[in-house]
1. Please compute the per residue accessible area over chain B with all protein chains in place, 1.4 Å probe, rounded to a whole number of Å².
2. In degrees from 0 to 90, rounded to the nearest 10, what is the angle of the helix B:342-353 Cα long axis to the longest principal axis of chain B?
3. Is there a simple number for the mean count of other chain Cβ atoms within 10 Å of the Cβ of residues in B:505-518, and what is it?
4. Rank these by accessible area, largest first, 1.4 Å probe: B:TRP12, A:TRP391.
5. Would you mind calculating the gained length between A:GLU11 and A:GLN363 on full extension (0.36 nm times residue separation, minus the Cα-Cα distance), in nm to one decimal?
6. Could you tell me the accessible area of A:GLU569 in Å² (1.4 Å probe, neighbours in place), rounded to the nearest ten?
7. Which percent of the accessible area of region A:3-426 is formed by carbon and sulfur heavy atoms (probe 1.4 angstrom)?
8. Given labels modelled 7 Å from the Cα in the Cβ direction, how far is it in nm from A:LEU18 to A:ALA415?
Number of protein chains: 2
Amino acid sequence: MNIRQYLPILEWLPAYRLATLNQDLLAAIIVTVMLVPQSLAYAMLAGLPPEVGLYASIAPLLVYAILGTSRTLSVGPVAVIALMTATTAGSIVAPESESYLTMVILLTFISGGMLTLMGVFRLGFLANFLSHPVISGFITASAVIIAFSQLKHLLGVSASGHNFPEVLAALVQALPDLKVITLLLGGGTLLFLFAARRWLGVAMLRLGCSQGIASGAGRLAPILAVVVTTWMTAQFSLAEKGVAVVGEVPAGLPPLAMPTSDWSLWGQLWVGALLISIVGFVESVSVGQTLAAKRRERIEPDQELIALGCSNLGAAFSTGMPVTGGFSRSVVNFDAGARTPAAGAFTALGILAVILWLTPLLQTLPIATLAATIIIAVLSLIDFHAIRHTWRYSKADFSAMLITVVITLLQGVEAGILAGVGLSLALHVYRTSRPHTAVVGRVAGTEHFRNVERHSVETTPELLVIRVDESLYFPNARYLEDQIQALVSQRPKVRHLVLSCQAVNHIDASALDSLESINARLKDAGIKLHLAEVKGPVMDRLELIGFPKQLSGAMFMSTFDAWQSLKAEH
Amino acid sequence: MNIRQYLPILEWLPAYRLATLNQDLLAAIIVTVMLVPQSLAYAMLAGLPPEVGLYASIAPLLVYAILGTSRTLSVGPVAVIALMTATTAGSIVAPESESYLTMVILLTFISGGMLTLMGVFRLGFLANFLSHPVISGFITASAVIIAFSQLKHLLGVSASGHNFPEVLAALVQALPDLKVITLLLGGGTLLFLFAARRWLGVAMLRLGCSQGIASGAGRLAPILAVVVTTWMTAQFSLAEKGVAVVGEVPAGLPPLAMPTSDWSLWGQLWVGALLISIVGFVESVSVGQTLAAKRRERIEPDQELIALGCSNLGAAFSTGMPVTGGFSRSVVNFDAGARTPAAGAFTALGILAVILWLTPLLQTLPIATLAATIIIAVLSLIDFHAIRHTWRYSKADFSAMLITVVITLLQGVEAGILAGVGLSLALHVYRTSRPHTAVVGRVAGTEHFRNVERHSVETTPELLVIRVDESLYFPNARYLEDQIQALVSQRPKVRHLVLSCQAVNHIDASALDSLESINARLKDAGIKLHLAEVKGPVMDRLELIGFPKQLSGAMFMSTFDAWQSLKAEH
């Protein structure tokens, strides 16, 4: 066991230089400024008091700096996980109730524990069961849900519901109560942010600014919006005119918390915690891999599980909420020049300074401003390109994406992911249950065999060569029997049947029984069954059970060997 | 649409001959004599009054004669389905309650409807999801449960429970109450039947009898036991001495029945009905195919679904219980010389005659005798050979079998089957999530490529040929990225990487994304990615999305083509 594998900080800390310190410090200042409003916004999205978002941006960053393998990943609250937190914890107690925070802390703790255990037992591959179409569909639907959930803050009304249609209906009903000043403030911020994202960068590039400065200016827009609207609200006493504001944020260190040991709650929360863990891990690893590849660094998925898990445990014990490596915050960190995880630790100290000394500045920050920044952030998550691409490439994958979107909108995030994963697996099983088989012939002058219907190839009436394009296992075992029966019955001259097994990666016990009965039935019909190109691992198993001896024909190394030797017989 | 396809009776009835009539009549008489005690026994096993077993052997046989595609299959109550009926209906109301029969009739109706619909929509392939190890495991566990459930009748005590451990505990507790006369009668019958099955046939063969007569004599043993013990019980008034007997069986036509329309019951019964349908179908089709193959006949699985479905609907409307094609009764029918489904119709008339006129003869038939015949019948279902065979061939398949046995014993038949099917699918997904890949080289002097670790082959340092032994889909997409990364990092000289895709039967959207990023990463590292032997259907999809143009290398028809043309470059 290598201690460095589990404590990646030992890799970079001993070689830490002053130049790196300067770069990391600068990045940390930029990220801190960006993170403060973002953390408040995502805490609000999760139905929590704003300071919880700040708490969740301290301990996790420190823990990740010690355990994480990505140099530039920035962990903290992110939009999709905040939504999942609201759904899971909100399904047990209402966000207004006192025990809601207790529930979120327990959820964070369970999720952190699960991630850590998955890392220890190297179960990172479980994340692979979220197929890309399911992830796209889930993120798209979440973005729509989040955007609509924020509209009420822009309108200054109250409207809530358990799923998308309910939220929409409540919003429409509440329309007559809309507050004009809030709408002007929030709508104005939204338009400003949208315009900044859409045109600012382009305009600056045209004016001759560098790419880095142009994209940096775009990122500064939300900060500007926060500063201006907070100042306006204070200046014109808008809070007294009905504009909802963040209000007093308690100053001081994050309070310590202990997860409750009420086991019935564990039972209710674990499915949600598992999905939060897996979705968070997938998001974090994708971001981490993308950034690492740019600088030819590597991240270790199993160690990342441990790092993320411990970060969440850190969040749980310091009154936080579930965290993961976020895309926008990590990109800012990367672009701002962070070289090592120390940048993350400095960011944590920055947030700590804010919560100790600067909370009065946040008092008149309008909720509508936060809502506008959330809406702009999540709308960029909708990936129309991926949707079109999937539609063109595969209708089956697209249907899994569509089901994920629809069920997420109608039934919520947990149901959506589970339905998408379930459908993806079912489609795979259905596809493999009716395998493609091809009658193949020899490409003239070569040792290569291809489908008689697609290529111009040589065949012999006594010899039928069938390529089975699938592993043989129980869902398709009987189907193969039927197909061979059908192919043979159309060709009365056939004396030898060669199953070309280059695509057969596994033969399970059910398929072995089928092969045995195919062998027996063909023998009765005066046809010998041969196998060709059986792979090593499959062959080992067949020999274990003595199958080659039972076979009426022979086992050939290649289809060409079979072709040559059987043709010589006639 | 061909009417004959849906009414197979039109195939054989017009050509019906007197000689066939004689053969069918003789078979019908033999089967009737065997079916009477068997039907009573399976009704008892299902927790129903004995006459229900007889009712279920009339209408279904007539319906199957019209719709069935097997010439010799005999439908009626069978042991495993009777057990599943008892479990499913018994989980809603106790077998003693008045509404129990109502529940069984509804179950029969739902199951019949499901089978018919599955036939109409050609969903017979669903039966393939019961892998052979799961079927073996399920049947073995059912046989154990059934055998133990009958012990109380042999001992003359009452003992019941919801699962195997409960039944066993109740039996042990009830031991002190055992009735000696019942035990002598039942135990004697059991020993006699066991001896007859084990040694009678062998002894007669040694004495020079033909195989047919020897096996026929074995089948007569249960009839003999029924006749002798019934006579003894009547003669010595054993019923008054505490031996439980069948008692008065109401004479007359089966009463008509209507399934209840209580929808909440439908909701509770449908899972059980579905499993009964699928298990029944699998058993019936296996028996039908085995017998058909012996006479070079064919059965049509989808039409069989319709025939079995309508047989069950017939049973439901005539106060019956779920039925399917049984192994022992069909074999007797076949051996007795039945040529057409008319033999089944004649058997139905024979049973009808029994229930109209001969029920008084059944009055003193001891329950212990029926229990002994059930025990002997089900013990032969335990297939030790299949268990050993599966253990040797595949530990994964064996574990699916074992889980099915254990869960069936502990939690009942439904849970056992579902656990077995679930585990089988999970094992498949797990296996395909970590595909076998092999670095391959050329078998000298041929165009054939094999694993460098298993065969002595030619390789070139600039050229890495990898064969991926699995379809590429979401559970293994990321795994492939990691594997290629690892293989390439060990071989600094590599300039070309050829993915040999003869075993890749499908590439889904997630795997396509992975291929795109593998292509990009290899390009960054100065390595070209080539694909060889991509199959037609996979190629069509890749072209749809323009993948071949994105590829840094080329697409080759065969691995050998790739080898030749890339080697020529150096």
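1. 42 Å²
2. Taking the Cα atoms of chain B, the angle to B:342-353 is about 40 degrees.
3. Going residue by residue through B:505-518 and averaging, the value is 6.
4. Highest to lowest solvent-accessible surface, that is A:TRP391, B:TRP12.
5. So the chain would gain 122.5 nm between A:GLU11 and A:GLN363.
6. Answer for A:GLU569: close to 120 Å² accessible.
7. 69 percent
8. Label at A:LEU18, label at A:ALA415, 6.2 nm between them.
The values are calculated or read from the model by the stated rules, or taken from the named source; none is laboratory data. Everything numeric here is computed off the predicted structure, so don't read it as measured data. Because the Cβ atoms are built from the backbone with ideal geometry, glycine has one as well, and the counts that use them run over all protein chains shown. All accessible areas refer to the heavy atoms of the entire protein, side chains included, with ligands and DNA or RNA removed. Shrake-Rupley method; radii C 1.70, N 1.55, O 1.52, S 1.80 Å.
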